[in-house]
Amino acid sequence: MLGKFFKKPENDMGGRIPPGQTLTTRFPVLTYGPTQHYPASEAQVRIFGLAGERTFGWEELLALPQTTLTYDIHCVTHWSKLDTTWTGVRVTDLLPLLDLQPGATHVMVHSAGGYTTNLSLEDFARPENLLAHTFDGQSLEAEHGGPLRLVVPHLFFWKSAKWLSGLEFMDGDRPGFWERNGYHMRGDPFHGQRYDDD
Ligand SMILES: Nc1nc2c(c(=O)[nH]1)N[C@H]1C(S)=C(S)[C@@H](COP(=O)(O)O)O[C@H]1N2
Ligand SMILES: [Mo]
């Protein structure tokens, strides 16, 4: 425990760099398995579980309010990147369109290719979270999750599922891909939540 307090980088940019992280100006690619390639016109997000079953297609997503936000991202492999700019649909603009059932407490985020990651509804329903299709004003590249990825900047970046394909509302927490393989169920970088025993 004490170690965590002393591992802080010398310059944490006014509290923006979590303990144990170093800054990068590059944008590393981290994918388990192959990059998914499909045209934006085929991107769709299926809503299921404890919410009315429905599917949002590409055109429907683009017809929703579009928001551009700039924030820092943190990968569990120890890189942080400051001031990344994303455009897409706010989770908080999508949620009111869903027929969420009262028992829903968590979300399993599904990706094309089979990747999954879990979030509590509280962590999911934050105004800065985006279903993002644009990075720095350019269409999101396939290797970074284009045509559409989730961005949840307050948690480690493995929660930001690339090639978003589905949102499954659940009445309890279940581990996604990395969470089954030893990563923390929540993954808050500012609380050192890297592995399941942190
Ligand atoms: N579908 C999918 N999403 C994913 C991953 C993945 O392997 N598959 N990797 C996660 C991890 S561990 C990280 S750090 C970020 C990396 O995003 P980037 O490649 O755009 O930097 O995507 C996350 N989302
Ligand atoms: Mo990661």
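Being assigned to a loop (DSSP other than H, G, I, E, B) and β-branched (Val, Ile, Thr) is true for just one of VAL89, VAL107, VAL76. Which residue is that?
VAL76 is the lone residue from the list that is assigned to a loop (DSSP other than H, G, I, E, B) and β-branched (Val, Ile, Thr).
Would you pick out the residues in segment 79-127 that are farther than 22 Å from ARG174 by Cα and either of a type in the set (A, V, I, L, M) or within 11 Å of the chain's Cα centre (by Cα) (or both)?
Across segment 79-127, the qualifying residues are LEU82, VAL89, LEU94, LEU97.
Kindly provide the set of residues from segment 139-192 that are of a type outside the set (Phe, Trp, Tyr), within 13 Å of ligand 2 (Cβ to nearest atom) and in a loop (DSSP other than H, G, I, E, B), ordered by number.
Within segment 139-192, GLY145, VAL152, LEU155, SER160, ALA161, LYS162, GLY176, ASN181, GLY182, HIS184, GLY187 meet the criteria.
Restricting to segment 95-123, name every residue that is touching a helix residue (DSSP H, G or I) at 6+ places or on another chain (Cβ under 7 Å) and surrounded by 21 or more Cβ atoms within 10 Å (Cβ to Cβ).
Residues satisfying the conditions are HIS106, VAL107, TYR115, THR117, ASN118, LEU119.
Taking the criterion of being over 14 Å from LEU148 (Cα atoms) and more than 16 Å from ligand 2 (Cβ to nearest atom), would at least one residue in segment 73-81 satisfy it?
No, segment 73-81 contains no residue that is over 14 Å from LEU148 (Cα atoms) and more than 16 Å from ligand 2 (Cβ to nearest atom).
Could you list, in sequence order, the residues of segment 22-58 that are assigned to a loop (DSSP other than H, G, I, E, B) and away from ligand 2 (no atom under 16 Å from the Cβ)?
Residues satisfying the conditions are THR25, PRO34, GLN36, HIS37, TYR38, PRO39, ALA43, LEU50, GLY52, GLU53.
So which residues in segment 152-181 are among the charged types (D, E, K, R), closer than 14 Å to PHE124 by Cα and within 14 Å of ligand 1 (Cβ to nearest atom)?
Once the filter is applied, which keeps residues that are among the charged types (D, E, K, R), closer than 14 Å to PHE124 by Cα and within 14 Å of ligand 1 (Cβ to nearest atom), segment 152-181 yields only LYS159.
Would you confirm whether any residue within segment 49-61 is within 19 Å of the chain's Cα centre (by Cα) and surrounded by fewer than 16 Cβ atoms within 10 Å (Cβ to Cβ)?
no
Of all residues in segment 170-192, which are in contact with a helix residue (DSSP H, G or I) (Cβ under 8 Å, 6 or more places away or on another chain) and under 10 Å from LEU155 (Cβ atoms)?
ARG186, GLY187
Bear in mind that the values in this text are calculations on the coordinates, not laboratory data. As the structure is a computational prediction, the values presented were derived from the model and not from experiment. Every residue, glycine among them, receives a Cβ derived from its backbone with ideal geometry; neighbour counts consider all protein chains shown.
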